[in-house]
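Right, one structure below, let's go through it.
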Ligand code: NAD
């Protein structure tokens, strides 16, 4: 039985990834921070469809919780085959309005949380001599977003980190890739008015907002054998917004 861990999978892009990987035959660990009920709903959907899933409480900004989630998975399922570092928070506003606490929270979640999860996954995958890691960055990690400078810094860091780790672990049979979503319809964008959303959509060559499933499909491909010669890459899922 293949096992996949997805951080922040109780909703949005993470839940679409969990459901999609379960359909590929993975036993899925649905990582969540606070909302146990929502995480259980995702598991119930998977189980109803004949899959295997369980929720696991893990705040990715707390290294001991990340370590415990990976160790739990390895102990229970004997292997950790795929890890998707997805849990993240947005941070909209001028840099001059970001407090020290806010900056620390964003970097701890959106960058250090990714690094910690990938480190713990790598420990298991290097000993298995196999594994797949996918990190969920952002188009702002590629080009920088105005009023999202701290978020962009974290997401840009995720891209550089993923490329570096890919080189480090490749000879051990572990692939590391990154997806960089554009504007995807999830709660992370709930701060935007419909008017602001329409203005973004007007800029998107494919003329629609992305769906969590668009990102999940890219993740499924990256973790499949069809991408067995692909590592260290950033796959943009953005409707052509950033080319
Ligand atoms: P979302 O807000 O619906 O989901 C984020 C998830 O991460 C939530 O389940 C949340 O509880 C969880 N989370 C936040 N902090 C956490 C923590 N400390 N520990 C564990 N879980 C935590 O938004 P989403 O769009 O599904 O975001 C998923 C990822 O995609 C994020 O990393 C986000 O930055 C990235 N992303 C989203 C978009 C977009 O437009 N939606 C674009 C680019 C990148």
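Read the figures in this text as sums done on the coordinates, not as results from a lab. As the structure is a prediction and not an experimental result, all values here were calculated from the model. So basically every Cβ, Gly included, is an ideal-geometry build from the backbone, and we count neighbours across all protein chains shown.
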For region 1-55, average projected area of the Cα convex hull in nm²: 2.9 nm²
Which whole-number percent gives the relative contact order of region 72-139, counting Cα pairs below 8 Å spaced six or more residues apart? 54 percent
Pairing the Cα long axis of helix 212-223 with the longest principal axis of the chain, what angle in degrees results, from 0 to 90 and rounded to the nearest 10? 40 degrees
Determine Rg/Rh for region 75-164; Rg is computed over alpha-carbon atoms and Rh is the Kirkwood hydrodynamic estimate from the same atoms. 1.06
Any idea what angle helix 113-128 forms with the longest principal axis of the chain, computed on alpha-carbon atoms, 0 to 90 degrees, nearest 10? 30 degrees
With N residues in the chain, what two-decimal value do you get for its Cα radius of gyration over 2.2 N^0.38 Å? 0.95
Consider all pairwise Cα distances in region 140-243 and report the whole-number % of them above 20 Å. 45 percent
Only helical DSSP H runs with n ≥ 4 go in: add -39500 (n - 2.57) per run for the chain, normalise by residue count and round the 222 nm mean residue ellipticity to 500 deg cm²/dmol. -14000 deg cm²/dmol
Helix 12-23 versus the longest principal axis of the chain: what angle, 0 to 90°, nearest 10, using Cα atoms? 30 degrees
How high is the FRET efficiency from residue 225 to residue 47, r the C-beta distance, R0 41 Å, rounded to 0.05? 0.95
Report, to two decimal places, the Cα Rg of region 1-113 normalised by 2.2 N^0.38 Å (N = number of residues). 1.12
Label-point separation (nm) for residue 167 and residue 35, each offset 7 Å from Cα along Cα-to-Cβ? 3.9 nm
